Every structure is written in C-alpha cells, then in structure tokens.
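Q: This is the structure, below, for whatever I ask next.
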Amino acid sequence: MGVIGDPIAQAKTPGAINPLFAARGADIACIPLHVPASDLLTIWAGLKAMPNLVGFGITLPHKQTAVDLCDSLDPVAARVGAVNVVRRERDGSFRGYQFDGKGFVRGLLAEGIVIEDRNVLLVGAGGAAVAIAFALVEAGARGITVSNRTTDKAEALAETVNAGFGRSVAKAGKAVPESGALVVNATSLGLKETDALPLDAGLLRPAMTFAEVIAQPETTPLLSLAEKRGVQVHSGIHMITGQVGLIADHLCELWG
Ligand code: NDP
C-alpha cells in the first residue's frame, strides 16, 4: 500500500496503519510516495501496473483529481467529490473511497465528544470540510454554519449538504460560534507557524469544543489558545486514528 501526496514527509498514515496490518496478520505494508501534481498521471499508470499494490491513501493535492482517475467510486466519495483511499478491486480496477468524514466523527466519539443535537461552526469549505459536514449531519448534528474565506464555496457546500439530506441543515455564515457549539477548523490554516488564525480565538467559550483537522503540528496555535481559554480541544491526530482502523479492515477484506 502507498500514500501519495506532495509534500509527503508529514504523512502520518504509514506509522499509524502498519501496526494494524501486523495485528491483523496481513502481509501488507504502507509506504509514503512523493507524487507531485505534474507527475500524477504518469505515476497513477505505474501504480495500476503494479500487481501487488493493494491500494493507496491520497493526501493533498490529489484528492479531487483522483475522482476522475478512479475506474469507479464508492457513493460517499462521489457525494463528497474527493477520494482519500483507492483500493484495487478483485478485477484489478481502482475504486475510490472516502474515509475522512467517518474518521473525523469516530475520532470525536472515541474521545467522548458529543455531536448529537449540537450546533457546529465549520470553518473551511474544501474537500475535508465537505466530508466532515456530511459525516457530522449523519452523526446527528443539529445544524452546521459553514464559514469560508471564499464565501461562494461555503454557500455551495451548504447547498450540497442540504440537497444530500433533503432538508435545511446547513447554511453559510460568519465565523461566530453559537453558545455550546462544536467549532471545527477544516482549513489548512495552522499547518505553518506563520499562518493567520482561522477564526478569532476570543469568540471561544468554555462550553464549546474546538476540533482541528490539522494533525501536524499536533497542537496548532488556535488549539493552544482555545485550551488556554478553558475550551475542550481535540487534535487533528484523532481524525487519522479514527480512520486507519477502517482503512486497514477495508484493504484486508480483499487482500489480507
Ligand atoms: P482544500 O485545499 O480542499 O481546502 C483548503 C481550505 O482552507 C479552504 O476552505 C480554503 O479556503 C482554506 N484556506 C486555505 N488557505 C487559507 C487562507 N490563507 N485564509 C483562509 N482560508 C484558507 O484542503 P482540504 O480540505 O483537503 O484539507 C484542509 C486541511 O485538512 C489540510 O490542512 C489537511 O492537512 C487537513 N486534513 C487532515 C486530515 C486528518 O486526517 N487529520 C484528513 C484530511 C485533511 P478557500 O476556499 O477560500 O480557498
């Protein structure tokens, strides 16, 4: 198994999933593969041509491009419009799957964080945000306000989610959390030390929960500020641990 991305040195999936393959007695090992966007098509063909490659994880910047490269898509990946795992099926074809949303929700629940009946402020409207929005509604969130630098994308995300569930559960809005909200940073702000904060830390209150998608660094500047304000915090690392078990089972189902 590979994990493709650019950059790739930060990828935490190999370290997290390899012990799970070992524990399942599966003859599978996951390695990071540095794949620049300009070489994706060539490398994709190479991956396809390797008969003992059971699949690969996908990280930035290939998740959306992969939708068009896969031979078929799981309904969740099709709905989200992004693929984060490709599995070689028995007929040799590449099918695209999406575990980001499920992984995020599993990570929250494993830490005892309540989702059901809660208002969510989702900051960001990229691939991760779309996956998380669907998964949070499925897990019982009461309503989602999507706030994004590019407001058109926040509106489009809310419309997609509302269309998917056939009811008005998401709306675009300002990055101002309601009392007791679950606040999620689903932007890439926080990856670099010099990044601006995704939202005003002064708006966070102790009754809220602040959850990150960013796993590296494990403590982003906003997570640290939220913690100092007495807010329950949740690192992006849990989104990875929440999904690697699912991905290991998924690959082992065919190739373990
Ligand atoms: P996308 O590129 O699809 O989306 C990026 C988002 O960040 C957009 O909402 C974008 O806003 C926003 N953004 C980027 N730069 C800025 C800025 N300077 N100011 C304001 N907003 C900004 O990326 P993904 O959704 O795929 O990934 C987002 C983050 O999630 C990444 O950091 C990634 O590492 C993390 N992630 C973590 C996972 C985990 O398991 N822990 C799994 C998947 C992702 P705009 O639309 O205006 O450009």
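Q: Quick test of the membrane-span-like rule: which DSSP H helices of the chain reach at least 20 Å along their long axis (C-alpha atoms) with mean Kyte hydropathy at least -0.5?
A: 151-165, 237-255
Q: When the chain is treated as a GNM, springs tying every alpha-carbon pair under 10 Å, which of 18, 52, 119 comes out with the largest mean-square fluctuation?
A: 52
Q: Using label points projected 7 Å from each Cα along Cα→Cβ, tell me how many nm separate residue 229 and residue 41, to one decimal.
A: Label at residue 229, label at residue 41, 4.7 nm between them.
Q: Now for a separate question. Considering only protein heavy atoms and a 1.4 Å probe, what is the carbon-and-sulfur percentage of the accessible area of the stretch 2-98? It would help to have the intermediate numbers written out before the result.
A: Values: 2650 of 4550 Å².
Reported share for carbon and sulfur atoms: 58 percent.
Q: Going by average Cβ neighbours within 10 Å, how do the peptides 193-203, 176-186 rank, with the highest at the top?
A: 176-186, 193-203
Q: Let me ask another. Once every DSSP H run of n ≥ 4 in the chain is given -39500 (n - 2.57) and the sum is divided by its residues, what mean residue ellipticity at 222 nm do you get, rounded to the nearest 500 deg cm²/dmol? All intermediate terms of the calculation are to be shown ahead of the outcome.
A: On the way: 9 runs with 97 residues, N = 256.
Dividing the helical sum by the residues of the chain leaves -11500 deg cm²/dmol.
Q: Another question, then. Give me the net charge for the shell around residue 224: Cβ to Cβ below 11 angstrom, other residues only, Lys and Arg +1, Asp and Glu -1.
A: With Lys, Arg at +1 and Asp, Glu at -1, the net is -1.
Q: Follow-up. Rounded, prolate or oblate: which fits the stretch 2-98, taking a ≥ b ≥ c as square roots of the Cα gyration tensor eigenvalues, rounded meaning a/c under 1.5, else prolate when a/b beats b/c?
A: In terms of gyration-tensor shape, rounded.
Q: Once fully extended, how much extra length lies between residue 249 and residue 150, figured as 0.36 nm per residue of separation less the alpha-carbon to alpha-carbon distance? Let's see the in-between values first.
A: On the way: separation 99, 0.36 × 99 = 35.64 nm, distance 3.69 nm.
This chain segment gains 32.0 nm when fully extended.
Q: Would you tally the net charge around residue 235, using a Cβ to Cβ cut-off of less than 12 Å, leaving residue 235 out, and scoring K and R as +1, D and E as -1?
A: That sum, taken over residues with Cβ under 12 Å, equals -3.
Q: Where nothing but the Cβ of Lys and Arg (+1) and of Asp and Glu (-1) is charged, how large is the charge dipole of the chain around its Cα centre, in debye to the nearest 20?
A: Numbers: 22 positive and 25 negative charges, 53 e Å.
For the chain, the charge dipole is close to 260 debye.
Q: Compute the distance from the alpha-carbon center of the stretch 77-133 to that of the stretch 134-188, in whole Å.
A: Each part's Cα centre sits 14 Å from the other's.
Q: Put 90, 167 in order of accessible area, largest first, 1.4 Å probe: what do you get? Display every interim value, and only then the final one.
A: Working: 90 155, 167 120 Å².
Descending order: 90, 167.
Q: Share of the stretch 133-196's accessible area from carbon and sulfur, percent, 1.4 Å?
A: Ligands and nucleic acids excluded, carbon and sulfur give 48 percent.
Q: Still on this structure: Using the basic label-point model (7 angstrom from Cα toward the beta carbon), what is the residue 93 to residue 50 distance in nanometres?
A: It is 2.3 nm.
Q: Leaving out ligands and nucleic acids, note down the accessible area per residue over the chain with a 1.4 angstrom probe, in whole Å².
A: 45
Q: Let me ask something additional. In a GNM of the chain with a 10 Å cut-off on Cα contacts, which of 156, 129, 23 has the highest mean-square fluctuation?
A: Among 156, 129, 23, the largest GNM mean-square fluctuation belongs to 23.
The values are calculated or read from the model by the stated rules, or taken from the named source; none is laboratory data. Just so it is clear, the model here is predicted, and its values are computed rather than measured. Glycine also receives a Cβ, built like all others from the backbone with ideal geometry; neighbour counts cover every protein chain displayed. These area figures cover heavy atoms from the full protein model, side chains too; ligands, DNA and RNA do not enter into them. Shrake-Rupley method; radii C 1.70, N 1.55, O 1.52, S 1.80 Å.
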